[in-house]
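The structure appears below as structure tokens.
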Amino acid sequence: MENSAQALSFHEERREHRLFGMWLFLASEVMFFTAFFAAYIVIRSASNGSIMQPLDKVMGAINTTVLITSSLTMALGVLASKKGDRKALMNWLAITFILACVFLVIKFFEYGAHFSEGVYPKSDIFHAFYFLITGFHGIHVLGGMVTLAILWFRAKAGHFNTEFNDPIETAGLYWHFVDLVWIFLYPALYLI
Amino acid sequence: MSKEGGHEMGWGGYYLIFNVLILLTILTVSISYVTFVNHAGNIIAAMTVATIKATLVVLFFMHQKYEGKLNRFTAIFALSLFGLAVLVFCCDFIFLGTYDQSHQVGKLLAHAHHAGHE
């Protein structure tokens, strides 16, 4: 399969094209977040770091752990779908969904803490970046959650089996991308 | 049956990568509480650990280790664009103010300004 001179089977070729399409979409999303990162680097370096404000590292660390765990459960869900284990697939999708909810709830409390102290996006440039970048990331998490819910209902209806489990794998790629963004966001905003 | 080319990762592999990611998270948070050489050292350490974590996620969770050439090229290209953008903007900051050391550009601009007024 590694040698392109060998003919791929119908399934392998379909899988490769499907994942290529998803990677093209992820590439555009990478550039979307790259724009914000680049702006953050420019503003922060131009100010010699004086724009920096402290954030709750512990909350951020918990959120990082939650997202990494959700990536694991998503990967295990993909594995279950390939084995045709419908019950396990539904369980892993549900756990991933719940972990995403936990992430958003923690973010909700973080935002609430800022608002209660009178800190809003308009307060200063750092918080403008913080709310913008984490807000867009949160919207991506929300979109992923909608996808997970749809997949859970489709799994319940018996749409997936060992022959056809493509959407799970494709959605898994998107979910790992969401985790990937947070892996860079957390140190950039919270730790350094 | 959608095949993987015979290099399927089992649940054990995923748990191992998960544990490594958690350890790296603990490491990066710990480093942030101390001054690692100097503040620039903290930034480099944090971003290095983040890159290692991202590489693990892309290689194993996103399955890039076992993918064919088309998808691997697309993934590497997309992520390299991000790395390139960060590199370019960091270089801009690092080398700020070092370009026009002999003030040649300033002199040329002043000359052009005077020439325009004549």
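Note on chain A: helix-only mean residue ellipticity at 222 nm, from DSSP H runs of 4+ residues weighted -39500 (n - 2.57) and normalised by residue number, equals -28000 deg cm²/dmol.
Relative contact order, percent, of chain A when contacts are C-alpha pairs under 8 Å separated by at least 6 residues?
Numbers: 150 pairs, mean separation 59.4, N = 192.
For chain A, the relative contact order is 31 percent.
When the Cα atoms of chain A are aligned to their principal axes, the ranges along those axes come out at 57, 38, 21 Å in descending order. Peptide A:179-185 has a mean shielding of 6, counted as Cβ atoms of other protein chains within 10 Å of each residue's Cβ.
Listed by chain and number, the lysines placed with their C-alpha closer than 29 angstrom to that of A:Lys156 are A:Lys82, A:Lys83, A:Lys87, B:Lys3; residues fewer than eight positions away on the same chain are left out.
What number, in percent, do you get for the relative contact order of chain B if the mean sequence gap of Cα pairs under 8 Å and at least 6 apart is divided by its residue count? If you can, show how the numbers build up before the last one.
Details: 31 pairs, mean separation 25.1, N = 118.
With pairs under 8 Å counted, the relative contact order is 21 percent.
Positive-end ranking of A:Phe10, B:Leu109, A:Gly135 along the dipole of the protein assembly as shown, with charges on Cβ about the Cα centre, is headed by A:Phe10. Between the Cα long axis of helix A:86-116 and the first principal axis of chain A there is an angle of about 10°, rounded to the nearest 10. Axis of helix B:11-32 versus longest Cα principal axis of chain B: the two differ by about 40°, to the nearest ten degrees.
Residues A:Trp23, A:Trp152, ranked from the fewest to the most other C-beta atoms within 10 Å, line up as A:Trp152, A:Trp23. For the range B:61-75, putting each phi into the Karplus relation 6.51 cos²θ - 1.76 cosθ + 1.60 with θ = phi - 60° gives couplings of 5, 8, 6, 5, 4, 10, 8, x, 4, 4, 6, 5, 4, 4, 5 Hz, in residue order, rounded to whole numbers and with x for Gly and Pro.
Relative contact order of the range A:66-116, taken over Cα pairs closer than 8 Å and 6 or more residues apart, is 42 percent. Taking the Cα centre of the protein assembly as shown as reference, the dipole from Cβ charges on Lys and Arg (+1) and Asp and Glu (-1) amounts to some 560 debye. Label point of A:Lys57 set 7 angstrom out along Cα-Cβ; within the range B:36-70, amide nitrogens under 18 Å from it belong to B:36-51. Within chain A, the longest run free of GluC sites (Glu not before Pro) that sit in a DSSP loop with at most 15 other Cβ atoms within 10 Å is A:3-116. Compared with the dominant principal axis of the Cα atoms in chain A, helix A:57-83 is inclined by about 10°.
Estimated from the Cβ-Cβ distance and a Förster radius of 41 angstrom, the FRET efficiency linking B:Trp11 and A:Ile139 is about 0.85. A crude spin-label estimate for the pair B:Ile44 and B:Gln104, with each label 7 Å from Cα along the Cβ direction, gives 3.1 nm.
Backbone geometry of the range A:24-35 corresponds, through the Karplus equation with coefficients 6.51, -1.76 and 1.60 at θ = phi - 60°, to 3J(HN,Hα) couplings of 4, 5, 5, 4, 5, 5, 4, 5, 4, 6, 4, 4 Hz, x marking Gly and Pro. Net charge in the neighbourhood of A:Ala188 (other residues with Cβ under 14 Å of its Cβ; Lys, Arg +1, Asp, Glu -1) is +3. Remark: the Cα gyration tensor places the range A:76-171 in the prolate category, a/c being 1.5 or greater and a/b exceeding b/c.
For chain B, the Cβ-based charge dipole about the Cα centre amounts to some 320 debye (Lys, Arg positive; Asp, Glu negative; other atoms uncharged). The alpha carbon centroids of the range A:5-36 and the range A:81-137 are separated by 26 Å. Ordering A:Gly144, A:Ala157, A:Val105 by the projection of their Cα atoms onto the charge dipole of chain A, which places +1 on the Cβ of Lys and Arg and -1 on the Cβ of Asp and Glu, puts A:Ala157 at the extreme positive end.
From least to most packed, judged by other beta carbons within 10 angstrom and beginning with the fewest, A:Ser9, A:Ser45, A:Ser28, A:Ser71 follow the order A:Ser28, A:Ser9, A:Ser45, A:Ser71. Peptides A:91-101, A:180-190 ranked from most to least packed give A:180-190, A:91-101, packing being the mean of other C-beta atoms within 10 angstrom over each peptide's residues.
Bear in mind that the values in this text are calculations on the coordinates, not laboratory data. This is a predicted model, so every value here is computed, not measured. We place every Cβ from the backbone using ideal geometry, glycine too, and count neighbours over all the protein chains shown.
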